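The values are calculated or read from the model by the stated rules, or taken from the named source; none is laboratory data. Just so it is clear, the structure is predicted and the values come from calculations on it, not from any experiment. We place every Cβ from the backbone using ideal geometry, glycine too, and count neighbours over all the protein chains shown.
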């Protein structure tokens with residue numbers, strides 16, 4: 001794959017879609033990760049207004065530093081980039097404190113709440129500036145294992161890199177000259193204070209998940225690890241169908257109308 005051509009194609013697609021939508025530009029939430037770095041670079045390359053929004057919520061220092069360094073790098077290259085930062089820590093803490101007993105499920109819900117607060121903020125700033133919200137999900141996350149927050153980072157107007165595998169995103173990052181510290185960082189969703197990686201949470205690496213996503217049973221014996229990865233992939237794919245499929249609609253039969 002020619003990643004320079006891929007980058008140009010996505011940039012042109014973004015610009016064309018945004019102008020047809022009568023929007024002035026795009027807004028992206030920056031996490032310090034590879035997906036948001038690539039997406040924000042592609043948006044900046046359109047030449048349209050590009051709002052880069054950092055929304056820390058008790059973020060690890062490493063994540064916040066990577067995000068700031070990427071933003072500074074983009075601003076040095078593109079005059080159309082506008083930096084914004086809104087610290088949502090107090091908002092998150094106030095909301096969390098009003099909820100009942102903190103069960104195991106509560107802590108997962110609060111991790112997802114971080115993502116949903118960021119979505120609300122992106123849309124508030126985006127609408128105020130007539131900008132579309134650009135999503136940062138890749139193909140494995142969006143259509144393979146459903147590794148995103150419903151109505152959080154899954155709530156977007158446009159998905160520039162959702163047809164690219166994670167390994168493609170890494171290669172595209174190199175072609176776009178994204179700063180090395182982001183390319184080399186372990187992927188993380190940034191929703192946990194301990195900075196746990198995506199692999200820590202899922203139990204498989206992105207290359208392994210990509211293999212499972214494209215696996216076709218040809219009768220060959222699989223290794224123990226391959227069987228384990230397939231099992232992990234199938235579990236996430238099945239459990240997260242509610243995120244990846246359209247919302248079910250109860251269709252009323254004509255004979256009871």
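At a glance:
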quantity: Options 26, 19: the member that is within 18 Å of the chain's Cα centre (by Cα), on the phi < 0 side of the Ramachandran plot and modelled with pLDDT of 95 or more; calculated: 26
quantity: Residue tally, condition outside any helix (DSSP H, G or I), over 19 Å from the mean Cα position of the chain (by Cα) and under 26 Å from residue 149 (Cα atoms), over segment 195-228; calculated: 2
quantity: Unmet requirement for residue 16, which otherwise passes all of (1) touching a strand residue (DSSP E or B) at 6+ places or on another chain (Cβ under 8 Å); (2) in a helix (DSSP H, G or I); calculated: (1)
quantity: Subset of segment 69-82 (residues that are under 22 Å from the mean Cα position of the chain (by Cα) and outside any helix (DSSP H, G or I)); calculated: 81, 82
quantity: Conditions (1) farther than 30 Å from residue 105 by Cβ; (2) without any contact (Cβ under 8 Å) to a residue 12 or more places away in the chain; (3) surrounded by 15 or more Cβ atoms within 10 Å (Cβ to Cβ); number of the one not met by residue 205; calculated: (1)
quantity: Residue 11 within 23 Å of residue 184 (Cβ to Cβ), in contact with a helix residue (DSSP H, G or I) (Cβ under 7 Å, 6 or more places away or on another chain) and crowded, with 19+ Cβ neighbours inside 10 Å; calculated: no
quantity: Condition broken by residue 131, with the remaining ones in (1) surrounded by fewer than 17 Cβ atoms within 10 Å (Cβ to Cβ); (2) in contact with a strand residue (DSSP E or B) (Cβ under 6 Å, 6 or more places away or on another chain) satisfied; calculated: (1)
quantity: Per-region count, segment 46-68, residues modelled with pLDDT of 95 or more and over 18 Å from residue 89 (Cα atoms); calculated: 7
quantity: Lone qualifier among 47, 29, 25, 33 - being farther than 30 Å from residue 192 by Cα, touching a helix residue (DSSP H, G or I) at 6+ places or on another chain (Cβ under 9 Å) and surrounded by 18 or more Cβ atoms within 10 Å (Cβ to Cβ); calculated: 25
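Rundown of residues vs (1) free of Cβ contacts under 8 Å to residues at least 24 places away in the same chain; (2) in contact with a strand residue (DSSP E or B) (Cβ under 6 Å, 6 or more places away or on another chain); (3) assigned to a helix (DSSP H, G or I); (4) closer than 28 Å to residue 21 by Cα, yes/no style:
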{"site": "161", "(1), (2), (3), (4)": "no, no, no, yes"}
{"site": "171", "(1), (2), (3), (4)": "no, no, yes, no"}
{"site": "230", "(1), (2), (3), (4)": "yes, no, yes, no"}
{"site": "238", "(1), (2), (3), (4)": "yes, no, yes, no"}
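Per-residue answers, yes or no, for (1) under 18 Å from the mean Cα position of the chain (by Cα); (2) crowded, with 21+ Cβ neighbours inside 10 Å; (3) not in a helix (DSSP H, G or I):
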{"site": "43", "(1), (2), (3)": "yes, yes, no"}
{"site": "64", "(1), (2), (3)": "yes, no, no"}
{"site": "67", "(1), (2), (3)": "yes, yes, no"}
{"site": "84", "(1), (2), (3)": "no, no, yes"}
{"site": "95", "(1), (2), (3)": "no, no, no"}
{"site": "110", "(1), (2), (3)": "yes, no, no"}
{"site": "116", "(1), (2), (3)": "yes, no, no"}
{"site": "127", "(1), (2), (3)": "no, no, no"}
{"site": "136", "(1), (2), (3)": "yes, yes, yes"}
